[in-house]
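Undergrad: Handing you a structure now.
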Amino acid sequence: MSDCIFCKIVAGEIPSRKVYEDEDILAFHDIRPSAPVHFLIIPKKHIATLADARPEDSAVLGKMMVMAGELARQQGCSDGFRTIINTGRVGCQEVYHLHMHVLGGDKPLGPIVVKS
C-alpha cells in the first residue's frame, strides 16, 4: 500500500533502527518505546490486521512468533518479555499493517490494564 508507513519502512523509503530482517519479516525499534526494550516485528507483505490474515499467511505469522523469542533474548530480555498484537479499532491498532510489539527490560512490566 502506497500510504502505509510500515510498507514505506520495508521499501527503505523511511529509515528505521533495524533489529532483524530477512525475506519475509522486518523487526525494528519502536519510535515511542513503552519499555526499555520495545521493538516491532512486521511481515513484509502488507496484511492490514491480524483479522485479515489468511491460511497462506501461516508461515510468516509463525516466523514472527518464533523470532520474537530469539530477538528478545538478543535485545537483553533474558528473563521474559511481552508480545502484543493490537487488532482493529477496538483493539487500539494505530497503524493498519499487522505488527507485533515485543516489550521487555530489566524489571517486570506490570499488569495489563483494560480501560472501560
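The numbers here are math on the coordinates, done by the rules we state, and not lab data. These figures come from a predicted structure and were not determined experimentally. Please note: Cβ atoms are built from the backbone with ideal geometry, for glycine as well, and neighbour counts cover all protein chains shown.
Undergrad: Hey, rough spin-label estimate for Lys45 and Lys8, points 7 angstrom out along Cα→Cβ, what's it come to in nanometres?
TA: Roughly 2.5 nm, to one decimal.
Undergrad: Shifting gears a bit: Could you work out the Kirkwood radius for the chain, taking every pair of different alpha carbons, averaging 1/r and inverting it, reported in Å?
TA: When all Cα pairs of the chain are included, the Kirkwood radius is 14.7 Å.
Undergrad: Counting pairs on different chains as well as pairs 8 or more places apart, how many Lys pairs in the chain have Cα atoms under 30 Å apart?
TA: So the count works out to 12.
Undergrad: Please flag any cysteine in the chain that has no other cysteine's Cβ under 4.7 angstrom from its own Cβ.
TA: Unpaired cysteines in the chain: Cys77, Cys92.
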